[in-house]
Amino acid sequence: MSIFLVGGGPDTVSTPLILDQFSAEARHRAGGGRPPRIAVVLVDHQGSAEYFLPAYLEPLQRRTPSEVSTVLLHRHGPVDPRAFDGVDAIVVGGGPTPVYAEDLRSAAPAIRQAVAAGAPYLGFSAGAMVAPERAIVGGFRIRGVEVCPEEASEGLGEVELREGLGLVPFAVDVHAAQAGTLGRAVSAVVHGMVDRAVAVDENTALVLPHADPGEQRVIGTNNCWLIRGPGPKATVSVLGSVVTRG
């Protein structure tokens, strides 16, 4: 089973292979004798989930009938870890990254346990950003110097790292080329905030198989950027081969 880190929301994903592979892994985890149980996590601000949930649910249900449980975050309300008991797959959506990091903190051990047991994880945008042990949650300046557009700041000034879900050992940024956040990921490594970071473009996913986390691959039409330290000697490279399906 795999961890899928998508560089945008579901509205930016036109490569069906991303959802095809996640759905296939959810079915495999369920064992074929019943529909897979999928937990879908989404921030709900004044009823916003009612509008955004179909963008996550409909593509999954088209691929395989599922038993879906929605886990709605209401800003600074910790999630009951039992919401992830017995799930075959986990989807964490996009939206305000600081809210996901804060509200999922109490459930992080349960999510790690489910993923370690074989449940695939699909993180869109913010859901990808909170997957690491230490998560970039926003900000557009480091030491007062702008490192990405303010529109990508999540309302924060200085770039902040907070406790994430602990699923991957490197920081993740998203909407890299489209929102200009590659500079934030690079700067976080250059300034020693993290040792490694990955910045993922929209319509692209970094996929890490559980069996061998070193065998990461890229699916999509754009790029996934790998930034390695240390410090000012950081290097930036395009990670892996992009796989597409027309």
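The values are calculated or read from the model by the stated rules, or taken from the named source; none is laboratory data. Nothing here was measured: the structure is a model prediction, and the numbers come from that model. Note that each Cβ is placed from the backbone with ideal geometry, even for glycine, and that neighbours are counted across all protein chains shown.
Listed conditions (1) modelled with pLDDT of 95 or more; (2) within 22 Å of Ala126 (Cβ to Cβ) are all met by Arg37, apart from (2). Ala26 meets each of the listed conditions (1) farther than 16 Å from Gly164 by Cα; (2) small (Gly, Ala, Ser); (3) outside any helix (DSSP H, G or I) apart from (3). Any residue at all in the stretch 154-166 that's surrounded by fewer than 20 Cβ atoms within 10 Å (Cβ to Cβ), modelled with pLDDT of 95 or more and closer than 25 Å to Ala30 by Cα? Checking the stretch 154-166: at least one residue is surrounded by fewer than 20 Cβ atoms within 10 Å (Cβ to Cβ), modelled with pLDDT of 95 or more and closer than 25 Å to Ala30 by Cα.
Cβ-Cβ distance below 8 Å, separation of 6 or more or different chains: which pairs start in the stretch 127-150 with a residue that is at positive phi and end on one that is of a type in the set (Lys, Arg)? Hits for this filter: Gly139/Arg184. Among the residues of the stretch 200-238, those that are part of a strand (DSSP E or B) and closer than 24 Å to Ala119 by Cα comprise Val200, Thr204, Ala205, Leu206, Val207, Leu208, Pro209, Arg217, Val218, Ile219, Gly220, Cys224.
List, please: which pairs have Cβ atoms under 6 Å, are six or more places apart or on different chains, and start with a residue in the stretch 172-195 that is modelled with pLDDT of 95 or more and end with one that is polar (S, T, N, Q)? Note: pairs meeting the criteria are Asp173/Thr181; Val174/Ser125; His175/Thr181.
Do the conditions hold for Arg62, that is, is it charged (D, E, K, R), under 28 Å from Ala30 (Cβ atoms) and touching a helix residue (DSSP H, G or I) at 6+ places or on another chain (Cβ under 9 Å)? When the stated conditions are applied, Arg62 passes them.
Does Leu42 meet the test of being surrounded by fewer than 19 Cβ atoms within 10 Å (Cβ to Cβ), among the hydrophobic types (A, V, I, L, M, F, W, C) and closer than 30 Å to Ala152 by Cβ? So Leu42 does not fit the description; no. Only one of the numbered conditions (1) surrounded by fewer than 23 Cβ atoms within 10 Å (Cβ to Cβ); (2) in a loop (DSSP other than H, G, I, E, B) is violated by Asp11, and that is (2). Scanning the stretch 48-77 for residues that are within 16 Å of Pro96 (Cβ to Cβ), of a type outside the set (Gly, Ala, Ser) and not in a helix (DSSP H, G or I) returns Val71, Leu72, Leu73, His74, Arg75, His76.
Condition (residue is in contact with a strand residue (DSSP E or B) (Cβ under 6 Å, 6 or more places away or on another chain) and of a type in the set (Lys, Arg)) applied to the stretch 82-96: is it met by at least one residue? For the stretch 82-96, residues in contact with a strand residue (DSSP E or B) (Cβ under 6 Å, 6 or more places away or on another chain) and of a type in the set (Lys, Arg): absent. Consider the stretch 196-246 and keep the residues that are modelled with pLDDT of 90 or more and among the small types (Gly, Ala, Ser). The one that is surrounded by the fewest Cβ atoms within 10 Å (Cβ to Cβ) is Ser237. For the stretch 58-102, filtering for residues that are without any contact (Cβ under 8 Å) to a residue 40 or more places away in the chain, within 26 Å of Ala171 (Cα to Cα) and acidic (Asp, Glu) leaves 1.
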